[in-house]
Amino acid sequence: MAILTDRQQIGKYEVARLIKENSYCETYRVEDEQGTPFFLKLFVLKNTPEKMLDDDHNVRSIAILQKLCHKNIVAYVEQGTYQDEGVGECRYVVTNYFSGELLWDKLQREGALPLDEALRILTDVLEGLKFMHDRNLLHNDVNPRNVMLSERTGGAAELIDMSHVSRCVGGAPPFDTSDLDERYQSTTAFAGMYNDATDLFSAVALFYAMLTARAPWDVTFQEGTTRKERIAAVKTARKTPLSLDGLNVAEGYKRIMTKGLGNGTCRYTSAAALLHDLQHPDEVAEPSQQPGGTSMGQEVGDRGRGAGNDERQATEARVDIQRGKGNGFKDIAGMSELKAMLTQKVIFILKDRERAERYKLTPPNGILFYGPPGCGKSFFAEKFAEEAGFNYMLVKASDLGSIYVHGSQGKIADLFKKAEASKPTIICFDEFDAFVPNRSSQGAEHQAGEVNEFLSQLNNCAKRGIFVIATSNRPDMIDPAVLRTGRIDRMIYVPMPDREARSEMFRLHLDGRPCGDIDAGRLADLTDGYIASDIAYIVNDAAMGAAFSDQPITQQMLEDTIRSIRPSISREVVSTYENLRQRMEDTDARNRRPKIGFV
């Protein structure tokens with residue numbers, strides 16, 4: 001039921017008619033005092049998904065729309081607040097009105113379009129997407145219903161409906177997905193991965209629809225099907241290669257569609273590359289059959305991007321944003337005291353921000369896991385992210401390297417920018433001493449700029465929705481300025497696994513494998529001084545022998561394997577790390593930090 005009625009006044013506008021609605025948003029045609037038409041989109045705040053709102057309870061897409069001014073994108077006019085007795089507080093945004101028709105309506109009326117008309121519309125759409133992508137923004141919902149052919153601009157195509165606009169996503173998207181059209185979505189988007197390529201997949205799917213008057217793979221949905229059911233139907237259809245038979249276009253355009261749609265993923269990574277291929281179809285080579293391959297057409301397109309895009313690539317952090325699929329702390333053997341401490345002191349504050357604010361608790365910025373190699377520091381960081389339910393970025397030093405002057409500094413800034421755009425996000429820096437070496441050490445002077453950039457980005461990053469986990473085998477080589485409160489708040493020693501932890505590790509690694517009766521306690525007694533990676537190797541080696549002879553893993557097989565290998569870390573090295581732990585804790589005490597560790 002429409003919240004606003006015809007001829008009702010809202011701000012300086014009068015409602016003409018309802019255009020469409022969903023569970024949290026309604027779109028109207030309205031007119032100002034001069035009778036000029038506009039679109040008005042009304043969001044009911046209590047019904048709007050929480051992930052579509054920012055910390056101040058404002059609609060994210062409205063703020064983003066303000067920044068978009070392009071001839072192929074719907075134009076922002078103004079915004080406001082509306083109070084309704086029935087539904088409560090609402091936010092609305094007004095955009096320019098198009099006296100034209102939706103591409104969907106044109107396809108329903110006329111069927112397949114001529115190639116030159118389809119190319120003109122697709123070019124307009126890609127110009128709009130390129131403008132957005134250059135600003136690290138994605139449309140996420142390109143389909144015939146969201147492309148308007150405007151009479152105002154002589155039939156030029158304009159992208160409309162910005163309710164799903166976001167930055168790159170690598171987990172739970174910050175918008176409602178129930179009203180998306182899965183037929184025009186990349187398969188990677190079904191897993192929560194939204195980036196430039198997913199928008200370009202939708203654009204190529206749009207091209208296919210304009211030339212055939214049907215969606216790719218010709219999937220149809222029954223009324224009332226859920227998103228999960230629609231995704232399943234699309235995935236099933238995509239197991240069959242997309243048919244281009246009977247399509248009366250040059251082979252180059254067919255190769256573009258194969259490259260852009262494939263088996264549900266897109267090999268174009270920039271709108272500029274796709275535009276280049278559309279303008280030079282004869283140069284488009286047959287797409288490589290190897291996953292992630294690059295065709296000659298893409299290489300030519302990439303070379304034609306220009307120096308500005310080269311500079312952008314030089315300072316762009318190419319790190320995936322992930323969403324954990326494991327069981328959090330349940331996947332970690334032992335360390336119950338450490339897990340309990342982190343749950344109470346860190347995860348609780350990060351997850352329950354409302355209660356933390358009520359008690360005026362300051363969320364921590366980051367922690368450093370340090371200790372002997374092979375004891376599961378990076379694994380612990382990954383499980384920490386799963387336990388907290390946050391997006392997760394694993395960063396190695398090579399990910400931020402650059403051949404350009406100040407290139408690494410730019411990548412560091414871009415990394416934190418992407419993490420903030422997908423907040424809440426946990427960034428894990430593996431071997432942190434390689435990122436921020438002590439600037440007073442000989443040979444580290446050339447990294448002073450990178451260290452300074454880290455110091456700047458780490459300052460109170462929790463307020464930006466970012467939590468940092470750093471791991472290191474040599475915390476004494478990290479620049480001391482990084483390890484102060486307000487940057488890295490806690491230092492936690494991850495020790496060699498004790499007997500209880502080793503016993504649980506054997507149980508976890510053996511779980512799901514064909515086994516006889518296994519005495520995990522005896523195995524733990526036999527592996528005193530072995531690290532986590534040693535135990536994983538022991539189980540896998542015994543399993544390999546059992547698989548070769550096609551029999552269950554036995555206690556004897558595991559004990560024989562233990563006797564055949566020595567611990568990776570000698571007792572002398574373990575002693576060295578215990579001394580290092582004492583020095584680090586003494587440093588903490590001098591800096592008036594609480595001692596943190598696990599015994």
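Only a single item in (1) open to solvent by less than 10 Å² (accessible area, probe 1.4 Å); (2) of a type outside the set (A, V, I, L, M, F, W, C); (3) in contact with a helix residue (DSSP H, G or I) (Cβ under 7 Å, 6 or more places away or on another chain) is not met by Arg60, and it is number (1). Thr198 satisfies every condition listed in (1) under 25 Å from Lys67 (Cβ atoms); (2) part of a loop (DSSP other than H, G, I, E, B) except (2).
Could you list, in sequence order, the residues of region 110-136 that are within 26 Å of the chain's Cα centre (by Cα) and surrounded by 21 or more Cβ atoms within 10 Å (Cβ to Cβ)? Outline the logic, then answer.
Restricting attention to region 110-136, the residues satisfying the condition of being within 26 Å of the chain's Cα centre (by Cα) are 125-136.
Answer for region 110-136, where residues must be within 26 Å of the chain's Cα centre (by Cα) and surrounded by 21 or more Cβ atoms within 10 Å (Cβ to Cβ): Val125, Leu126, Gly128, Leu129, Met132, His133.
Apart from one condition, Lys12 fits all of (1) closer than 24 Å to Asp141 by Cα; (2) open to solvent by 30 Å² or more (accessible area, probe 1.4 Å); the exception is (1). Residues being open to solvent by 50 Å² or more (accessible area, probe 1.4 Å) and either outside any helix (DSSP H, G or I) or touching a strand residue (DSSP E or B) at 6+ places or on another chain (Cβ under 6 Å) (or both): count how many of those fall in region 496-514. Number satisfying all stated conditions: 5. Considering Leu200, Leu211, Leu149, the condition of being open to solvent by 10 Å² or more (accessible area, probe 1.4 Å) and closer than 23 Å to Lys254 by Cβ is satisfied by Leu211 alone. Scanning region 530-557 for residues that are of a type outside the set (Phe, Trp, Tyr) and under 17 Å from Phe379 (Cα atoms) yields Ile531, Ala532, Ser533, Asp534, Ile535, Ala536. The single condition from (1) open to solvent by less than 80 Å² (accessible area, probe 1.4 Å); (2) in contact (Cβ under 8 Å) with a residue 24 or more places away in the chain that Thr362 fails is (1).
Please count how many residues of region 214-235 are among the hydrophobic types (A, V, I, L, M, F, W, C), open to solvent by less than 60 Å² (accessible area, probe 1.4 Å) and either assigned to a loop (DSSP other than H, G, I, E, B) or in contact (Cβ under 8 Å) with a residue 60 or more places away in the chain (or both). It would help to see each step written out before you state the result.
Pass one, region 214-235, residues among the hydrophobic types (A, V, I, L, M, F, W, C): 215, 217, 219, 221, 231-234.
If we keep only those that are open to solvent by less than 60 Å² (accessible area, probe 1.4 Å) as well, we get 215, 217, 219, 231-234.
Next, only the ones that are either assigned to a loop (DSSP other than H, G, I, E, B) or in contact (Cβ under 8 Å) with a residue 60 or more places away in the chain (or both) stay: 215, 219.
So the answer is 2.
Could you check region 344-441 for helices (runs of 4 or more DSSP H) lying wholly inside it with 1 or more residues that are farther than 28 Å from Phe175 by Cβ? Steps first, answer last, please.
Values: elements: 348-351, 353-358, 377-388, 407-421.
Output list reads 353-358, 377-388, 407-421.
Among the residues of region 488-501, not a single one is among the small types (Gly, Ala, Ser), under 25 Å from Met341 (Cβ atoms) and either touching an Asp or Glu at 6+ places or on another chain (Cβ under 9 Å) or free of Cβ contacts under 8 Å to residues at least 40 places away in the same chain (or both).
Looking only at residues that are touching a Cys at 6+ places or on another chain (Cβ under 6 Å) and more than 16 Å from Ser564 (Cα to Cα) in region 521-553, which one is least open to solvent (accessible area, probe 1.4 Å)?
Among those that are touching a Cys at 6+ places or on another chain (Cβ under 6 Å) and more than 16 Å from Ser564 (Cα to Cα), it is Ile553.
If you go through region 99-108 one residue at a time, do you hit one that is open to solvent by less than 40 Å² (accessible area, probe 1.4 Å), within 27 Å of Pro216 (Cα to Cα), of a type in the set (Lys, Arg) and assigned to a helix (DSSP H, G or I)? Yes, there is a match, as at least one residue in region 99-108 is open to solvent by less than 40 Å² (accessible area, probe 1.4 Å), within 27 Å of Pro216 (Cα to Cα), of a type in the set (Lys, Arg) and assigned to a helix (DSSP H, G or I).
When region 159-197 is limited to residues that are among the acidic types (Asp, Glu) and modelled with pLDDT under 90, the one that is most open to solvent (accessible area, probe 1.4 Å) turns out to be Asp179.
Count, please, the residues in region 65-81 that happen to be open to solvent by 40 Å² or more (accessible area, probe 1.4 Å) and either polar (S, T, N, Q) or farther than 20 Å from Pro144 by Cα (or both). Number satisfying all stated conditions: 8.
The values are calculated or read from the model by the stated rules, or taken from the named source; none is laboratory data. Note that this is a predicted model, so its numbers are computed, not measured. Glycine gets a Cβ as well: all are built from the backbone with ideal geometry, and neighbour counts include every protein chain shown. All accessible areas refer to the heavy atoms of the entire protein, side chains included, with ligands and DNA or RNA removed. Shrake-Rupley method; radii C 1.70, N 1.55, O 1.52, S 1.80 Å.
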